[in-house]
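Novice: Okay, handing you the structure first.
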Amino acid sequence: MAGNSERRNRRTTQKKGPQIGSGGQRRRGLRGKGPTPPAEARTGHAKKRAADLKARKEAGRKAQARRSGTSPSELVVGRNPVVEALRGGVPAGTLYVQQFLDSDDRVTDAVKLAMERGDVHLLEAPRAELDRITGGLNHQGLALQVPPYEYAHPDDLTAAAFDADEDPLIVALDGVTDPRNLGAVVRSLTAFAGHGVVVPERRAAGMTAGAWKTSAGTAARTPVARATNLTRTLKAYQKAGLTVVGLAADGEADLGDVDALGGPVVVVVGSEGKGLSRLVGETCDIRARIPMPGGAESLNAGVAAGIVLYEVARRRA
């Protein structure tokens, strides 16, 4: 009995099982792939790049808000600074005017300029409220709220140049902390048809109201990008085919001898005192010097960038 049962079980376990077929894979392979995806979803398409740019900007705004914990808006205070900011085209959200303020020409001009622009809200506030929002600064009854600047991504600058079938022309600032120098560089780059400025995320000037004013409104047309790590950004530009030219007083080549300025190029400008940082200097393909027969030790970033950009424009003409 036990033997018969054992043989029966052995025969059951050795029984041929169901065959594995295609599972419908051949039928699925004959099906069409469906409609062509929209332009925004196709890699390499201009609309896809535009959608990616919008997403990066939104992510940047959210990251900035997380880092600050509060609104990163800036306040310009005082009668003269407010009037100058409004005349200079600095973006503004709200003009605060103290209640029962003794008006003079500057107050009148500020209100008139804000009304003419149409996109600036006018808000009367008690003196105590102005003291609070300005942190006790001498506001003289006027305060202008400047919204946070929307920085571009470094890749957006090269993408814009390639989309326009142009050789990229970018200026990167290394250790430049004066917003007025940043504004001056933006203004010069706009004049010479450049594609944007790159600044480090830390220990560098940002697009404050002072930078906007010095740019004379050109910051509305020329993007400024923030780099988490400037050295990595420069290496990425090199991989994209750009030559990185750093300005240094002890550079190995005179500016006039640098043929690379006629092609796709990133010009790196350091601070007036320290110049280029070590890592950035080592990353540069060429370090060029500006000949100065007058014997000046250095030039500020705005002036130095203007000289190089003129040389680039001359070669490209």
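Novice: When the stretch 289-305 is examined, which residues are found to be surrounded by fewer than 19 Cβ atoms within 10 Å (Cβ to Cβ) and under 15 Å from Ala191 (Cα atoms)?
Specialist: If we filter the stretch 289-305 for residues that are surrounded by fewer than 19 Cβ atoms within 10 Å (Cβ to Cβ), which is where we start, we get 289, 291-300, 303.
Across the stretch 289-305, the qualifying residue is only Val303.
Novice: Can you pull out every residue in the stretch 90-135 that is part of a loop (DSSP other than H, G, I, E, B) and of a type in the set (S, T, N, Q)? Break it down stepwise before answering.
Specialist: Pass one, the stretch 90-135, residues part of a loop (DSSP other than H, G, I, E, B): 90-93, 99-104, 118-120, 126, 134-135.
Passing the criteria: Gln99, Ser103, Thr134.
Novice: Mind checking which residues of the stretch 235-249 are in contact with a strand residue (DSSP E or B) (Cβ under 7 Å, 6 or more places away or on another chain) and either part of a loop (DSSP other than H, G, I, E, B) or basic (Lys, Arg) (or both)? Reasoning before the result, please.
Specialist: Residues of the stretch 235-249 in contact with a strand residue (DSSP E or B) (Cβ under 7 Å, 6 or more places away or on another chain): 237-238, 242-249.
Matches in the stretch 235-249: Leu242, Ala248, Ala249.
Novice: Pairs, please: C-beta under 8 Å, at least 6 apart or cross-chain, first residue at pLDDT below 85 and in the stretch 209-227, second crowded, with 22+ Cβ neighbours inside 10 Å and part of a strand (DSSP E or B)?
Specialist: Qualifying pairs under 8 Å: Ala209/Val76; Ala209/Leu144.
Novice: What residue, among those in the stretch 121-141 that are closer than 30 Å to Ala204 by Cβ and in contact with a Gly (Cβ under 7 Å, 6 or more places away or on another chain), is least open to solvent (accessible area, probe 1.4 Å)?
Specialist: Here the answer is His139.
Novice: Report yes if Val265 is in contact with a strand residue (DSSP E or B) (Cβ under 9 Å, 6 or more places away or on another chain) and farther than 17 Å from Gly175 by Cβ, otherwise no. Outline the logic, then answer.
Specialist: Numbers: in contact with a strand residue (DSSP E or B) (Cβ under 9 Å, 6 or more places away or on another chain): yes; farther than 17 Å from Gly175 by Cβ: yes.
Taking the combined requirement at face value, the residue satisfies it.
Novice: Considering only residues that are closer than 19 Å to Lys235 by Cβ and over 12 Å from the mean Cα position of the chain (by Cα), which ones fall in the stretch 174-212? Quick ask: steps written out before the conclusion?
Specialist: To start, the set of residues in the stretch 174-212 that are closer than 19 Å to Lys235 by Cβ comprises 174-175, 195-202, 204.
Of everything in the stretch 174-212, those that are closer than 19 Å to Lys235 by Cβ and over 12 Å from the mean Cα position of the chain (by Cα) turn out to be Asp174, Gly175, Arg202, Ala204.
Novice: Can you tell me how many residues within the stretch 261-288 are open to solvent by 80 Å² or more (accessible area, probe 1.4 Å), among the charged types (D, E, K, R) and not in a loop (DSSP other than H, G, I, E, B)?
Specialist: So the count comes out to 2.
Novice: Quick test of your reading of the structure: Val146 fulfils all but one of (1) on the phi < 0 side of the Ramachandran plot; (2) within 14 Å of the chain's Cα centre (by Cα); (3) open to solvent by less than 30 Å² (accessible area, probe 1.4 Å). Name the failing condition by number.
Specialist: Just one mismatch for Val146, condition (2).
Novice: Could you pull out the residue among Thr214, Thr222, Thr190 that is out of contact with any Ser or Thr (no Cβ under 7 Å at 6 or more places or on another chain) and of a type in the set (Ser, Thr, Tyr)?
Specialist: Thr214
Novice: Shifting gears a bit: For the condition under 23 Å from the mean Cα position of the chain (by Cα) and modelled with pLDDT under 90, what is the one hit in Gly295, Gly275? Full working, then the answer.
Specialist: Working: Gly295 fails: under 23 Å from the mean Cα position of the chain (by Cα).
Just one listed residue meets the conditions, Gly275.
Novice: Assess whether Val308 counts as being under 22 Å from Ala204 (Cα atoms) and either assigned to a strand (DSSP E or B) or over 23 Å from the mean Cα position of the chain (by Cα) (or both). Can you show your working first?
Specialist: Details: under 22 Å from Ala204 (Cα atoms): yes; either assigned to a strand (DSSP E or B) or over 23 Å from the mean Cα position of the chain (by Cα) (or both): no.
The answer is no for Val308.
Novice: Give me a count of the residues in the stretch 148-165 that are under 11 Å from Arg56 (Cα atoms), in a loop (DSSP other than H, G, I, E, B) and in contact with a strand residue (DSSP E or B) (Cβ under 8 Å, 6 or more places away or on another chain).
Specialist: Looking only at that region, the number is 2.
The values are calculated or read from the model by the stated rules, or taken from the named source; none is laboratory data. Computed from a prediction, not measured in an experiment: that's the story for all the values here. Heads up, the Cβs are rebuilt from the backbone with ideal geometry, glycines too, and the neighbour counts pull from every protein chain shown. Heavy atoms of the whole protein, side chains included, go into the accessibility calculation; ligands, DNA and RNA do not. Shrake-Rupley method; radii C 1.70, N 1.55, O 1.52, S 1.80 Å.
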